[in-house]
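What follows draws every value from the coordinates through simple rules; no lab data is involved. Quick caveat, the model's predicted, so the values are computed rather than measured. As a convention, Cβ positions derive from the backbone with ideal geometry for all residues, glycine included, and neighbour counts pool all protein chains shown.
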Amino acid sequence: MKEQFKRVIAEWLSGGPPEALDREVELPLAPNEVVTVTGARRAGKTYLLFSTIRKILDRGLASQDEILYVDFEDSRLRGVSAQDLDEMVEAFVELAGKRPRYLFLDEVQRVDGYGGWLRRRLNAYVYLSGSTSELTPRRVADEMRGRSVGYEVYPLSFREFLRFKGVKLGRYFGYTEERGKVLSLLREYLQYGAYPAVALSGDRERLLRSYFDSVVVRDLSIVKPEVAEYFADSLICGYSSLISMNKVYGDLRSSFRVGKETVSSLFDRAEETYFAFFVEIFDKSLRRRRINPKKLYIIDTGYVHVRGCEYSISKAMENAVYLELKRRDMGDIYYWKEYGKKDGREVDFVVARNFSPLELIQVTYAEDKVERREVEALKKAKEELKAKKCTVITWDYEGEEDGIKFIPLWRWLLE
């Protein structure tokens with residue numbers, strides 16, 4: 001295995017990291033703990049590592065021959081186990097003439113038992129990255145025995161999206177013609193999603209279709225591809241809506257021989273791989289949270305467009321708000337529904353910590369006025385939950401009424 005490592009490492013040392021646009025997520029350059037980077041495939045984890053390496057080099061914290069980067073998805077490194085990692089370091093020393101000060105191990109979940117090896121080798125700054133259900137924040141914490149700090153990477157925020165598009169906003173853009181351009185790009189952001197490569201691509205639909213085939217279906221590979229595809233489409237078409245596992249199970253059973261436990265595992269897998277997110281109702285009763293339907297959001301609304309699902313700009317807005325709340329890590333996220341009423345009023349998001357509501361957020365496609373039902377639902381939830389802050393995120397309407405703030409989505413996303 002040492003010879004394979006030598007070939008991979010020699011290419012790295014002679015080439016170095018490719019150019020990478022900076023993301024808003026910044027990794028520490030001299031961490032006290034192992035840094036782990038998790039997130040959906042194609043969300044930009046590898047290029048975040050490259051950007052971090054560039055910063056280390058530019059600031060003179062290390063030279064190229066003191067940094068070891070290895071991608072364990074390289075076909076030459078198939079079957080690598082923790083026992084082989086000593087040979088990886090030996091190969092680096094033979095080529096560079098010194099031990100690495102920085103270790104960047106990409107897709108490290110492919111190395112069986114990597115945690116035990118790393119726990120013995122914390123004399124270097126270590127960065128781990130990976131996707132799939134084998135490298136979730138919880139599993140990393142177990143593997144590293146609490147000796148790691150985690151960062152999650154999502155597709156581009158709208159701020160990053162504009163930067164990737166080369167858009168630099170002036171100080172007063174909200175009151176100039178630039179505002180129209182921002183709204184146009186926001187529609188593009190919602191319709192085609194925010195994967196970094198898609199934002200830069202001249203053929204977005206083809207790339208998104210390839211992502212679905214090579215990423216989504218592969219991550220759900222605990223079943224046959226046709227079952228995984230059907231299940232993924234069910235989630236994509238049901239985005240920003242309540243979802244019932246029993247209904248999805250019934251739909252799958254009508255076309256395939258599949259058990260309820262398998263469908264439950266598919267739901268777990270979709271969440272572990274960052275493909276889908278399931279939001280519980282706001283209720284201190286664990287039982288009521290479990291028996292009530294969950295709200296579903298997906299990693300990228302571009303899939304809605306290319307999988308032939310019905311596109312709704314209001315649902316795409318709601319999905320974008322959910323992902324931004326995740327990026328900002330503002331607290332635990334729930335939805336609210338009036339108790340005991342089948343057609344009761346609803347609020348899209350309750351942001352809370354320890355079940356203490358911090359903010360209620362309603363999302364609506366409103367340009368010049370907001371439907372009364374949206375406001376009444378917020379008022380009812382505010383009264384019941386004793387929340388201090390209430391926000392309605394609109395398309396392009398702004399104002400304040402009865403302590404409720406109305407803010408356009410573009411402005412909220414750029415805050």
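Which of the residues spanning the stretch 217-249 are assigned to a helix (DSSP H, G or I), among the β-branched types (V, I, T) and more than 22 Å from E188 (Cα to Cα)?
V217, V227, V248
Determine whether I236 is among the aliphatic types (A, V, I, L, M) and in contact with a Cys (Cβ under 9 Å, 6 or more places away or on another chain).
Criteria met by I236.
How many residues are assigned to a strand (DSSP E or B) and over 23 Å from the mean Cα position of the chain (by Cα) if we restrict to the stretch 112-129?
2
Output the number of the condition that F5 fails; it satisfies all remaining conditions of (1) surrounded by 21 or more Cβ atoms within 10 Å (Cβ to Cβ); (2) in contact with a Pro (Cβ under 9 Å, 6 or more places away or on another chain); (3) among the aromatic types (F, W, Y).
(2)
If you go through the stretch 267-298, how many residues are within 25 Å of Y192 (Cα to Cα) and of a type outside the set (D, E, K, R)?
Number of matching residues: 12.
So how many residues does the stretch 366-396 have that are surrounded by fewer than 18 Cβ atoms within 10 Å (Cβ to Cβ) and over 27 Å from D283 (Cα atoms)?
Selection size over the stretch 366-396: 4.
In the stretch 256-268, which residues are surrounded by fewer than 21 Cβ atoms within 10 Å (Cβ to Cβ) and within 25 Å of P155 (Cα to Cα)?
S265, F267, D268
Using the structure shown, decide if Y297 is in contact with a helix residue (DSSP H, G or I) (Cβ under 6 Å, 6 or more places away or on another chain), in contact (Cβ under 8 Å) with a residue 40 or more places away in the chain, of a type in the set (S, T, Y) and closer than 22 Å to E338 by Cβ.
yes
Go through the residues of the stretch 66-82 one by one and say whether even a single one is surrounded by fewer than 17 Cβ atoms within 10 Å (Cβ to Cβ) and farther than 23 Å from E3 by Cα.
Scanning the stretch 66-82, I find no residue that is surrounded by fewer than 17 Cβ atoms within 10 Å (Cβ to Cβ) and farther than 23 Å from E3 by Cα, so the answer is no.
Give the residues of the stretch 327-378 that are in a helix (DSSP H, G or I) and in contact (Cβ under 8 Å) with a residue 24 or more places away in the chain, sorted by residue number.
R327, R373, V375, E376, A377, L378
Residues checked against (1) more than 16 Å from V306 (Cα to Cα); (2) touching a residue at least 40 places away in the same chain (Cβ under 8 Å); (3) within 19 Å of the chain's Cα centre (by Cα); (4) surrounded by 17 or more Cβ atoms within 10 Å (Cβ to Cβ):
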residue	(1), (2), (3), (4)
Y211	no, yes, yes, yes
R218	yes, no, yes, no
P225	yes, no, no, no
F231	no, no, no, yes
S234	no, no, no, yes
I243	yes, yes, no, yes
N246	yes, no, no, no
D251	yes, no, no, no
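Can you confirm whether the stretch 264-282 contains a residue that is assigned to a helix (DSSP H, G or I), aromatic (F, W, Y) and under 17 Å from the mean Cα position of the chain (by Cα)?
Within the stretch 264-282, one or more residues are assigned to a helix (DSSP H, G or I), aromatic (F, W, Y) and under 17 Å from the mean Cα position of the chain (by Cα).
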